[in-house]
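Colleague: The structure's right below; bear with me while I get my questions together.
Values quoted throughout were computed directly from the atomic coordinates according to the rules given, and no laboratory measurement underlies them. All values derive from a computational prediction rather than experimental measurement. All Cβ positions, glycine included, derive from the backbone under ideal geometry; neighbour counts span all protein chains shown.
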């Protein structure tokens, strides 16, 4: 097997890969290169901390298989390492007859993916669980839950270092050089050059750029950043939500819509929307990068997506600039919510892969290129499924 493994990116997936490599190959030397000063500073920590179990995903897809395996692996890890989490279940809500058909399809998908305990709730059952939710139909997904992903990453990092792995923070990768004769790869950072036998790239928001920099080839897709903005319920309004409440998502999009989340350390989060971010790591509306913006708006794939989905895009932008538009989306499921019960919350940026024809890439995408493995697309439930994705990578590619 490869004795020296390099990993670019100390988000939850990069750490999970290092953890799984050490688990399968205890004698391997592992380096993790991270440009930030600590683990998980971007997508891995800018989310609502939900454990997703595989309800939405196409049966037979890599995402569906690894999502179901992933939530069970993540819960086992949390139990073993005493990480705050709770399997509290989720209710998915249909508001009309059209959405009820989507919900029935979701239930069939979930069952096909191996989920357990799926149940359509009667009116009284829904009222007992979520008394303020209005629905024409609702589906209980009992295996879903909430977790502290920062604590997961801290635990992973500690285990990796305890087993002799090297976590190199403040180490942006300047260059990657492949030695075709020996099959090795040299990773250059400001501190040093490190030669490895195999390089795994888990670069998230920069996955496509790193692929091109490492291979000198154009990636088959482009990352377009979408910012998701959240609100929080004031403490006196937290009684409106007990657990997790989600709308039926439109199957044409990978975004789950404005939903309600009880956070693992308390509080209730509402959101997110999905708007184009003008910077790949732009967590505020004022964040702007000319190069990142041009990269998105000059990409033919994004322009094709925009033309086909202009109404959806406009609706998402309206909920970013208008508190009223955001409130209307929230009131669809919980009509009693009022504007004064909502305050500003956090935001995250999703690395959404878009194909040249304008379609959104839904499944996980992993590509092998000589002695390099590139995770080009690992969107939600990437955090939940990180241990399963990492196990898949190690089993299929690390020999």
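Colleague: So how tilted is helix 12-24 from the main axis of the chain? Cα-based, degrees 0 to 90, rounded to 10.
Modeller: That works out to roughly 60 degrees.
Colleague: Order of 333, 362 from fewest to most other C-beta atoms within 10 Å?
Modeller: Values: 333 25, 362 17.
Ranking 333, 362 by Cβ neighbours within 10 Å, fewest first, gives 362, 333.
Colleague: Now for a different question. What whole-number value in cubic angstrom gives the convex hull volume per residue for the C-alpha atoms of segment 306-399? Before the final figure, lay out each step's value.
Modeller: Numbers: hull volume 13.8 nm³, N = 94.
Normalising the Cα hull of segment 306-399 by residue number yields 147 Å³.
Colleague: Once the Cα atoms of helix 386-397 and of the chain are each reduced to a long axis, what angle between those two axes, in degrees from 0 to 90 to the nearest 10, is obtained?
Modeller: 40
Colleague: Further question on the same structure: What is the spin-label model distance, in nm, from residue 195 to residue 238 if the labels are put 7 Å beyond Cα along the C-beta direction?
Modeller: Result: 5.6 nm between the two label points.
Colleague: I've got another one for you. Treat the count of other C-beta atoms within 10 Å as a stand-in for reagent exposure and order 295, 357 from fewest to most.
Modeller: 357, 295
Colleague: Assuming R0 = 41 Å, can you tell me the calculated FRET efficiency for the pair residue 370 and residue 290, based on Cβ-Cβ distance, to the nearest 0.05? Intermediate values should be presented prior to the final figure.
Modeller: Working: r = 33 Å, r/R0 = 0.82.
E between residue 370 and residue 290, to the nearest 0.05, is 0.75.
Colleague: Using only C-alpha atoms and all pairs of different ones, pull out the Kirkwood radius for segment 1-131 in Å with one decimal. Write down the numbers at each step before the final one.
Modeller: On the way: mean 1/r = 0.0564 Å⁻¹.
About 17.7 Å for segment 1-131.
Colleague: Can you order the peptides 219-225, 160-166, 206-212 by their average number of other Cβ atoms within 10 Å per residue, highest first?
Modeller: Values: 219-225: 21.7, 160-166: 15.7, 206-212: 19.9.
Order by mean packing, descending: 219-225, 206-212, 160-166.
Colleague: Specify, per residue and in Å³, the volume enclosed by the convex hull of the alpha carbon atoms belonging to the chain.
Modeller: On the way: hull volume 53.6 nm³, N = 399.
Output value, Cα hull per residue: 134 Å³.
Colleague: Could you please rank 78, 88, placing first whichever residue has the fewest other Cβ atoms within 10 Å of its Cβ?
Modeller: Working: 78 21, 88 15.
Taking fewest neighbouring Cβ atoms as first place, the list is 88, 78.
Colleague: Taking a quarter of the surface of the convex hull around the Cα atoms of segment 207-249, what do you get in nm²? Mind showing how you got there, number by number?
Modeller: Numbers: hull surface 22.3 nm².
Over every viewing direction, the Cα hull of segment 207-249 projects on average to 5.6 nm².
Colleague: Hey, another quick one. Nearest 0.05, what FRET efficiency do residue 134 and residue 82 give at R0 = 35 Å with Cβ-Cβ as r?
Modeller: On the way: r = 38 Å, r/R0 = 1.09.
For R0 = 35 Å, the calculated efficiency reads 0.40.
Colleague: Would you mind calculating the relative contact order of the chain from Cα pairs under 8 angstrom and at least 6 residues apart, reporting the percent as a whole number? Don't skip to the answer; put the middle values down first.
Modeller: Values: 855 pairs, mean separation 95.7, N = 399.
Worked out over the chain, it gives 24 percent.
Colleague: Just need the relative contact order of segment 1-157 here, percent rounded to a whole number, with Cα pairs under 8 Å and 6+ apart. Provide the component values of the computation, followed by the final result.
Modeller: Details: 234 pairs, mean separation 44.8, N = 157.
Relative contact order, segment 1-157: 29 percent.
Colleague: Right, another one. So how far apart, in nm, are the two label points at residue 310 and residue 3 if each is 7 Å from Cα heading toward Cβ?
Modeller: So the label points at residue 310 and residue 3 sit 6.1 nm apart.
Colleague: Assuming a ≥ b ≥ c are the square roots of the Cα gyration tensor eigenvalues, decide whether segment 258-317 counts as rounded (a/c under 1.5), prolate (otherwise, with a/b larger than b/c) or oblate.
Modeller: Values: a/c = 3.33, a/b = 1.65, b/c = 2.02.
Oblate, since a/c reaches 1.5 and b/c is not below a/b.
Colleague: Taking 0.36 nm per intervening residue step and subtracting the Cα-Cα distance, what contour gain separates residue 24 from residue 399 on full extension?
Modeller: Numbers: separation 375, 0.36 × 375 = 135.00 nm, distance 1.03 nm.
Full extension from residue 24 to residue 399 adds 134.0 nm.
Colleague: May I pose another question? With only alpha-carbon pairs counted, each pair once and no self-pairs, how large is the Kirkwood hydrodynamic radius of segment 236-393 in angstroms? Kindly include the intermediate steps, with their values, before the conclusion.
Modeller: Working: mean 1/r = 0.0563 Å⁻¹.
Its Kirkwood hydrodynamic radius stands at 17.8 Å.
Colleague: Can you give me the distance in nm between label points at residue 218 and residue 355, each placed 7 Å from the Cα along the Cα-to-Cβ direction?
Modeller: 1.6
Colleague: Work out how much length residue 182 to residue 322 would gain on full extension: take 0.36 nm times their residue separation and subtract the Cα-Cα distance, in nm to one decimal. List each step's numbers first, then the result.
Modeller: Values: separation 140, 0.36 × 140 = 50.40 nm, distance 5.74 nm.
Taking 0.36 nm per residue and subtracting the Cα distance, the gain is 44.7 nm.
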